[in-house]
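Chemist: Here it is, the structure, as structure tokens.
The values are calculated or read from the model by the stated rules, or taken from the named source; none is laboratory data. These numbers come from a predicted model, not from an experiment. Here the Cβ positions follow ideal geometry from the backbone for every residue, glycine too, while neighbour counts run over all protein chains shown.
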Amino acid sequence: MITTLPSRNAAKAFFSETEAAEALGISTDSFRELVKTHIAQSDDEVSNIGATTYQSSDLLILKLLAKLPVLV
């Protein structure tokens, strides 16, 4: 499945965990695991994954780390 990231002109500046997972085309559980593996550096950060907001640039980095196809 090839997904695209929100365009620069998108009105949305921040994405919830669920919205970020949808934008990447993966499940919320897969998104949490991706963040846990590549981003979170402590147990506190892991416990806050669901409360964190993400920007389009964060989604691009996560997409690259997950080796998902990137269309701009």
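Chemist: Does segment 7-44 hold any residues that are modelled with pLDDT under 80 and either surrounded by 15 or more Cβ atoms within 10 Å (Cβ to Cβ) or farther than 17 Å from Lys63 by Cα (or both), and which are they? So that I can check it myself, show each step before the final result.
Modeler: First, pick out the residues of segment 7-44 that are modelled with pLDDT under 80: 7-12.
Selection gives Asn9, Ala10, Ala11, Lys12.
Chemist: Let me ask something else about it. When both residues are 6+ apart or on different chains and their Cβ atoms are under 7 Å apart, which pairs have a first residue that lies in segment 43-54 and is small (Gly, Ala, Ser), and a second that is at pLDDT 80 or above?
Modeler: Gly50/Glu17
Chemist: From the set of residues in segment 55-67 that are small (Gly, Ala, Ser) and in contact (Cβ under 8 Å) with a residue 24 or more places away in the chain, which is surrounded by the most Cβ atoms within 10 Å (Cβ to Cβ)? Talk me through it step by step, then tell me what you get.
Modeler: Step one: filter segment 55-67 for residues small (Gly, Ala, Ser), giving 56-57, 66.
From what's left, in contact (Cβ under 8 Å) with a residue 24 or more places away in the chain: 56, 66.
Details: Ser56: 18, Ala66: 16.
Among those residues, the one meeting the criterion is Ser56.
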